[in-house]
Amino acid sequence: MTTQRMPALFLGHGSPMNVLEDNIYTRAWHALGESLPRPKAILAVSAHWFTRGTAVTAMEKPRTIHDFGGFPQALFDKRYPAPGSPALAKRVQELLSPVNVMADTSEWGFDHGTWGVLIKMYPDADIPVIQLSIDGTQPPEYHYELGKKLAVLRDEGVMIVASGNVVHNLRMVKWDGNGEPYPWAIAFEKYVKDNLSWKGEAKDHPLVKFMEHEGGALSNPSPDHYLPLLYVLGAWDGAEPITQPTDGIVMGSLSMLSVQVG
């Protein structure tokens, strides 16, 4: 019996308020959960677990982390009680060797980059989920290469769900209701979309070298929300279709682009 190859997803998660809201983005995430083959487990890579070194959640019952402030109490009341998977965490450690991946049995859990999208995709929280941290000390090419190593999980029934925003500049967000995107944000999002299916050496990939784009620094004052995309691109086999379940820039400087591989 063969296991159906799972897709890999990068979801532009935007504001935590999407957990409470019903909009084109949350409906798209829900539709993915309804239409995609059901995974045995999920490996999540979230912009919000940005660490020195690499870690993976390895507890049986990960906690729901409310890593934000100033939002309605209803958002803090939300929980995502999906089980963890110590066995999958160990498998990830093996695949990423010789990288030393710390097994986290107590500290982290699911931050809102993970549970904020999964609560829409799989609201029953009945699929085991583990989360992999992003080593902020490493260059973009490193994260792309980790995605290549993790790609085999897709043939083992594991869906890779990465979460961030390819344009994420909170300092320039337009809070006044004028959400007209900045020209540099439009240009950088287009650059990402134009290069999703680029083929060649990792070191030469335009999306690995994203900071060389003239809008790269403004779009990503910190790389934490961009780097999850590279795990998904690394997991691409070079032949599968790459689609964009959502796109568009909100509040001037937040891209809601999502990317589906497979």
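The values are calculated or read from the model by the stated rules, or taken from the named source; none is laboratory data. What you see is a predicted model, and the numbers here were worked out from it, not measured in a lab. Heads up, the Cβs are rebuilt from the backbone with ideal geometry, glycines too, and the neighbour counts pull from every protein chain shown. What goes into the accessible areas is simple: the full protein's heavy atoms, side chains included, and nothing from ligands, DNA or RNA. Shrake-Rupley method; radii C 1.70, N 1.55, O 1.52, S 1.80 Å.
The protection proxy used here, the mean number of other Cβ atoms lying within 10 Å of each residue, ranks peptides 223-234, 117-128 as follows, highest first: 223-234, 117-128. The heavy atoms of LYS199 offer some 140 square angstrom of accessible surface to a 1.4 angstrom probe.
Treating each Cα of segment 115-189 as an identical point scatterer and summing with the Debye formula, the log10 of I(q)/I(0) at q = 0.18, 0.21, 0.27 Å⁻¹ comes to -1.01, -1.10, -1.27. If you take all other residues with their beta carbon under 14 Å from the beta carbon of PHE188, and give Lys and Arg +1 and Asp and Glu -1, the sum is -2. Computed over neighbours whose Cβ is under 12 Å from that of THR64, the net charge equals +1, Lys and Arg +1, Asp and Glu -1.
Solvent-accessible surface of the chain, taken per residue with a 1.4 Å probe and all protein chains present: 43 Å². When DSSP beta bridges are restricted to pairs lying wholly in the chain, around 30% turn out antiparallel. Approximating the spin labels as points 7 Å out from Cα along Cα→Cβ, the ASP176-to-ASP126 distance works out to 4.9 nm. A Gaussian network model of the chain, with springs between Cα atoms under 10 Å, assigns the largest mean-square fluctuation among LEU150, LEU196, LEU20 to LEU20. Ligands, DNA and RNA left out, the 1.4 Å accessible surface of segment 6-137 is 52% carbon and sulfur atoms.
Ranked from the most accessible area to the least, with a 1.4 Å probe and all protein chains present, what is the order of HIS213, HIS13? Could you put the intermediate results ahead of the total?
On the way: HIS213 35, HIS13 10 Å².
Heavy-atom accessible area, descending, gives HIS213, HIS13.
The separation of segment 52-69 from segment 147-210, counted between C-alpha centres, amounts to 23 Å. Computed on the chain, with alpha-carbon pairs under 8 angstrom and 6+ residues apart, the relative contact order is 31 percent.
About its Cα centre, the dipole of the chain is roughly 320 debye, where the only charges are +1 on Lys and Arg Cβ and -1 on Asp and Glu Cβ.
Across the chain, counting alpha-carbon atoms alone, Rg and Dmax equal 17.1, 55 Å. Pairs spanning more than 24 Å between alpha-carbon atoms, out of LYS90/LYS193; LYS78/LYS120; LYS61/LYS148; LYS120/LYS209: LYS90/LYS193; LYS61/LYS148; LYS120/LYS209. Translational diffusion of segment 120-159, estimated by Stokes-Einstein from the Kirkwood radius over alpha carbon pairs at 25 °C in a medium of 0.890 mPa s, is 199 µm² per second. In segment 114-262, the C-alpha radius of gyration followed by the widest Cα-Cα span (Dmax) gives 15.4, 47 angstrom.
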